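Next up is a structure, given as structure tokens.
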Amino acid sequence: MDIGTCRQLFLGLLVYYSALFVSTEVSPPDGNLNIVHISAPLSCSDGFTELGYYNGSVAQTDSGSPCLKWTEFPDYVLQYPGRGLGDHSYCRNPDRESNPWCFYRQSSGAIGWAYCDCHQGSARLVGGLSKSGRLEVYLNGQWGAVCDTHWTDRDASVICRQLDLGEIGTALQHSYFGPGSGLFHYERLGCHGNENSLLECRTRKFISGDCNHGNEAGVVCVEPEGNGAPLRLVGGLEDFEGRVEVYHGGRWGTICDDQWDDIDAEVVCRHLGLGGVAKAWTWAHFGQGSGPIHLDGVQCTGNELSLEECPHGGWGRHNCDHMEDAGVSCNPYTDGVVRLVGGDSPWEGRLEVYHSGDWGTVCDDSWTDLSAQVVCRQLGFRGRAESLPISTFGEGSGLIYLDEVRCTGTEASLLDCAHTEWGRHDCSHSEDVAVRCDRGGEANEIPATAPVSGPLVRLVAGESRKEGRVEVFLNGQWGSVCDDGWNDFSAAVVCRQLGFVGVSKARSMAYFGEGQGPIHLDNVRCTGKESSLGECQADGQDAHDCRHSEDAGVICDYATEPVGDGAMAAPVCGVRPNTQRRRRRIIGGDKSLRGDWPWQVSLWLRSQSKGTHPLCGATLINSCWVVTAAHCFKRFGTDPSRYVVRLGDYHTVERDDFERSLTPERIVIHRKYHSQGWEYDIALLKLKGSDGTCVAFNPHTNAACLPALSSKKGKRPAACVITGWGITDSEYSRTLLQAWVPLLPSWKCKKRYGNRFTSRMLCAGSLSDRRRVDSCQGDSGGPLVCQDEGGRWVLTGVISWGHGCGDPTYPGVYTRVSRFLRWIEKETHSFAKV
């Protein structure tokens, strides 16, 4: 076939495909009109240079075949120097052919060439109103959805940019705009956020069958309000690092590194909702940006909630060039974390371990399947494990960290196994270890499910894909299920419908938060044998008498560890549980994750311990002692038999896995406290037991550290958090809340409260009208903890008093714990000891 005939064929296909992009509306089967925003087709003419050479990002032929890299044809690259050919697979026209083309591999294995499909990768939003909708992508002649499993705001922003709907996108999950046809194209886009179209996102992953109908990704292309100027990290190898870019005046721009330090980086990481160790990078470490330089001379104190609140030289005022672009890394890894690299799925790949800020491989000397079993267990897989030849996933590069690893198979992590010193080995990368884990139904992935009768079911707002509030899709809307009659049999049916095979646990009383839509079902009655929730007897939407505070939830593949009788070996204060396996991190005035704040204690009147809200909050400071506020006992006295303390509490109505209820042995009020005032507002509760062994620590119970006994006045901590079951929207929460709050200088507190504020107090909260966060989100007597330079959490304040709730002119006031260390030591005889 000659070039002219091929061109005619291509033009015919172009006319055919163009017809698919004419309509701006689609009508679903129910007759309702869904608005669709369609991107301008990726016309190949948009990518031509002035000299007539195509330099766009289309990398697929019109038949859907992936293009081969040009470097596989070195003679051709040499024949056409300077015409865009290189180590990539983008379509090109080095011979000035009017349409770009590429080489591809035919099904027979032979090499052929073909014109490229310029419509490949188009996007549209379906089912929403202006600038929003369910994302659908055009691939190989069909529109399909993107799975929401790995869906991020960075991906959403790229889609908005591709559709010319703005620069800022918000990712929505759980088929927010209704389910689509059931066809999925992508499991993950993996965009960095600065790409111009989804085809430029280099870590795209096609669907592999583990995404369910009802989990389509959605997009809203509107700038969020009240969160400070939007930020993004660009140019890093990981999602948590990169050049800092800020959105201002309708454009993304960089920040000059003058006076840029780790405290500024801490604020950036907090703004982006990223945990880990914050580190500042200078001199365009992640590459030079383009466009405006928005900020210079940024000098954060570390307590700000957004970069916009930090002192700086003014928008657009600087004396820098892009060689001085500032960067940040928010490194969540700790030494010994492992990952599998190079595989098509997260349960297989070349083994890499993290140490001293970098990843390295493991040599296969003495390596056995027992060691592979430890790796898989550390990654959260409970099935069988096997070692594979390194040729399966390719050789690593860079450091080789471990050699002669010998595990018995029972260790909790690879670092518990015998091994050589870090970096000492006699290996090459041809000896890198590779591992495959058997998912065993235990990985945080949704298994493929068989078709079932009845409505679609999904789980919302859980910590993993295995748990959440139960929602069903009826009458074109997602709605919740009332917990009247809800039990483990019903939970088992929901989990079976979603493809899980392990033990199921029912949760009630909006354990996973309250839903927003209709309440579709009530009095669900399952025998446990049904294959779907639609087969169970239930009352419909018009027959319930419930509120969303009664929304039902489930935990699938439920497993818990027993609470031991003895304390854990060598406990360390101020350490939160390992969150390596958790998919999300909630930052800023929202509900916490279970066990996130293991020193949180709830204090109840025994007569009201079946209620929904505790009398006060408190903090565990060692195995035998709890700190709270003295005013908590002002009304009901100090008889310990009248009170109950709960350790490991998360939901005030549902009993949690590690929750324990105890009667205190003794209550100690500071002798200078007077019920008419707020001075010396601190108290101690002694738990029953011998010193040092009153309660056992477990994954959801640990002590907070006390401040260091020092006369030196250190810098204010960068990150402080209050926790409790406080007021939100005029109602008490049933799940433990958390909120990041900045500590304020004493003079600001003194200015607002006058002589009522003393040196034995501190105040915290935002003075911004946009961020009304103070002690109302906690509870009286509850903890204000701050992270020290070593990463441990220190009990800095005890929630005491304030004026109003969320009033920016009157921040919350806390008892300053550092002023009472001697008193605590005297009363407990165990100063700062876990």
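Need a quick list: strands (runs of 3 or more DSSP E) entirely within segment 87-148 having at least 2 residues that are without any contact (Cβ under 8 Å) to a residue 60 or more places away in the chain and either farther than 22 Å from Gln173 by Cβ or assigned by TED's automatic domain parsing to the domain that holds Asn55 (or both).
Counting at least 2 such residues, we get 101-105, 111-115.
Further question: Report yes if Ser413 is without any contact (Cβ under 8 Å) to a residue 12 or more places away in the chain and either closer than 20 Å to Trp347 by Cα or of a type in the set (A, V, I, L, M, F, W, C) (or both), otherwise no.
no
Next question, about the same structure. Check Thr796, Thr815, Thr758 and return the single one that is of a type in the set (Ser, Thr, Tyr), in contact with a Pro (Cβ under 7 Å, 6 or more places away or on another chain) and at pLDDT 90 or above.
Of Thr796, Thr815, Thr758, the one residue that is of a type in the set (Ser, Thr, Tyr), in contact with a Pro (Cβ under 7 Å, 6 or more places away or on another chain) and at pLDDT 90 or above is Thr796.
Ok, one more. Check segment 141-158 and report whether any residue there is buried (at least 23 other Cβ atoms within 10 Å of the Cβ) and in contact with a His (Cβ under 6 Å, 6 or more places away or on another chain).
No, segment 141-158 contains no residue that is buried (at least 23 other Cβ atoms within 10 Å of the Cβ) and in contact with a His (Cβ under 6 Å, 6 or more places away or on another chain).
Also, quick follow-up: Arg251: modelled with pLDDT of 90 or more, surrounded by fewer than 18 Cβ atoms within 10 Å (Cβ to Cβ), charged (D, E, K, R) and not assigned by TED's automatic domain parsing to the domain that holds Asp358, yes or no?
When the stated conditions are applied, Arg251 passes them.
Table: residues versus (1) in contact with a strand residue (DSSP E or B) (Cβ under 7 Å, 6 or more places away or on another chain); (2) over 25 Å from His429 (Cβ atoms).
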position	(1), (2)
Asn331	yes, no
Tyr354	no, no
Thr361	yes, no
Arg377	no, yes
Ser387	yes, no
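Here's a follow-up. Filter segment 581-614 for residues that are part of a loop (DSSP other than H, G, I, E, B), modelled with pLDDT of 85 or more and over 21 Å from Glu514 (Cα atoms) and give the result.
Residues satisfying the conditions are Trp597, Pro598, Trp599.
Given (1) modelled with pLDDT under 90; (2) out of contact with any Ser or Thr (no Cβ under 8 Å at 6 or more places or on another chain), identify the lone condition not met by His271.
(2)
When you look at Glu136, is it acidic (Asp, Glu) and out of contact with any His (no Cβ under 9 Å at 6 or more places or on another chain), yes or no?
no
For segment 455-489, enumerate the residues that are under 16 Å from Tyr511 (Cα atoms) and outside any strand (DSSP E or B).
Across segment 455-489, the qualifying residues are Gly462, Glu463, Ser464, Arg465, Lys466, Asp483, Asp484, Gly485, Trp486, Asn487, Asp488.
Do you know which of the residues in segment 87-137 that are among the charged types (D, E, K, R), surrounded by fewer than 23 Cβ atoms within 10 Å (Cβ to Cβ) and at negative phi is nearest to the chain's Cα centre (by Cα)?
Step by step, filter segment 87-137, then rank; the result is Arg124.
Another question, then. State whether the residues of segment 309-327 include one that is more than 29 Å from Gly502 (Cα to Cα), surrounded by 20 or more Cβ atoms within 10 Å (Cβ to Cβ) and modelled with pLDDT under 85.
Within segment 309-327 (the criterion being more than 29 Å from Gly502 (Cα to Cα), surrounded by 20 or more Cβ atoms within 10 Å (Cβ to Cβ) and modelled with pLDDT under 85), the answer is yes, since at least one residue qualifies.
Tell me which residues, restricted to segment 348-359, are surrounded by fewer than 21 Cβ atoms within 10 Å (Cβ to Cβ) and of a type in the set (A, V, I, L, M, F, W, C).
Once the filter is applied, which keeps residues that are surrounded by fewer than 21 Cβ atoms within 10 Å (Cβ to Cβ) and of a type in the set (A, V, I, L, M, F, W, C), segment 348-359 yields only Trp359.
Further question: Return yes when Phe206 is within 26 Å of Ser57 (Cβ to Cβ), crowded, with 20+ Cβ neighbours inside 10 Å and in contact with an Asp or Glu (Cβ under 9 Å, 6 or more places away or on another chain) and no when it is not.
Judged against the criteria, Phe206 is not a match.
Counting only residues that are of a type outside the set (A, V, I, L, M, F, W, C) and more than 12 Å from Ile168 (Cβ to Cβ), how many does segment 225-244 have?
Of the residues in segment 225-244, 9 are of a type outside the set (A, V, I, L, M, F, W, C) and more than 12 Å from Ile168 (Cβ to Cβ).
Considering only segment 350-389, state which residues are touching a Gly at 6+ places or on another chain (Cβ under 7 Å) and part of a helix (DSSP H, G or I).
Answer for segment 350-389, where residues must be touching a Gly at 6+ places or on another chain (Cβ under 7 Å) and part of a helix (DSSP H, G or I): Leu370, Gln373, Val374.
Quick check on Asp681: is it more than 20 Å from Ser733 (Cα to Cα), assigned to a loop (DSSP other than H, G, I, E, B) and not assigned by TED's automatic domain parsing to the domain that holds Ser733?
yes
Using the structure shown, decide if Gly82 is out of contact with any helix residue (DSSP H, G or I) (no Cβ under 9 Å at 6 or more places or on another chain), assigned to a loop (DSSP other than H, G, I, E, B) and farther than 29 Å from Val137 by Cβ.
yes
Further question on the same structure: Can you pull out the residues in segment 365-397 that are at pLDDT 90 or above and at positive phi?
Of everything in segment 365-397, just one residue is at pLDDT 90 or above and at positive phi, namely Ser366.
Where the second residue is among the small types (Gly, Ala, Ser) and not in a loop (DSSP other than H, G, I, E, B) and the first is under 13 Å from Thr701 (Cβ atoms) and lies in segment 618-638, which pairs have Cβ atoms under 7 Å and are six or more apart or on separate chains?
Correct list of pairs: Val626/Ala618.
Right, another one. Going through segment 399-446 one residue at a time, which ones are within 30 Å of Ile555 (Cα to Cα), at pLDDT below 90 and within 28 Å of the chain's Cα centre (by Cα)?
Passing the criteria: Glu411, Ala412, Ser413, Asp438, Arg439, Gly440, Gly441, Glu442, Ala443, Asn444, Glu445, Ile446.
Out of (1) over 21 Å from Gln787 (Cα atoms); (2) in the same structural domain as Val794 (by TED's automatic domain parsing); (3) modelled with pLDDT under 90, the odd one out for Ser746 is which?
(1) is the only condition that Ser746 fails.
Then there's this: Just to verify a result, which residue in segment 278-311, among those that are β-branched (Val, Ile, Thr) and closer than 18 Å to Val234 by Cα, is nearest to the chain's Cα centre (by Cα)?
If we take residues in segment 278-311 being β-branched (Val, Ile, Thr) and closer than 18 Å to Val234 by Cα, then Thr282 is nearest to the chain's Cα centre (by Cα).
Considering segment 324-363 alone, what residues qualify as being touching a Pro at 6+ places or on another chain (Cβ under 9 Å) and of a type in the set (D, E, K, R)?
Scanning segment 324-363 gives a single hit, Arg339.
Test Gly228 against the stated conditions and say whether it is surrounded by fewer than 21 Cβ atoms within 10 Å (Cβ to Cβ) and either over 19 Å from the mean Cα position of the chain (by Cα) or assigned by TED's automatic domain parsing to the domain that holds Gly314 (or both).
Judged against the criteria, Gly228 is a match.
The values are calculated or read from the model by the stated rules, or taken from the named source; none is laboratory data. Please read these numbers as outputs of a predicted model, since none were measured by experiment. Cβ atoms come from the backbone with ideal geometry, glycine included; neighbour counts cover every protein chain shown.
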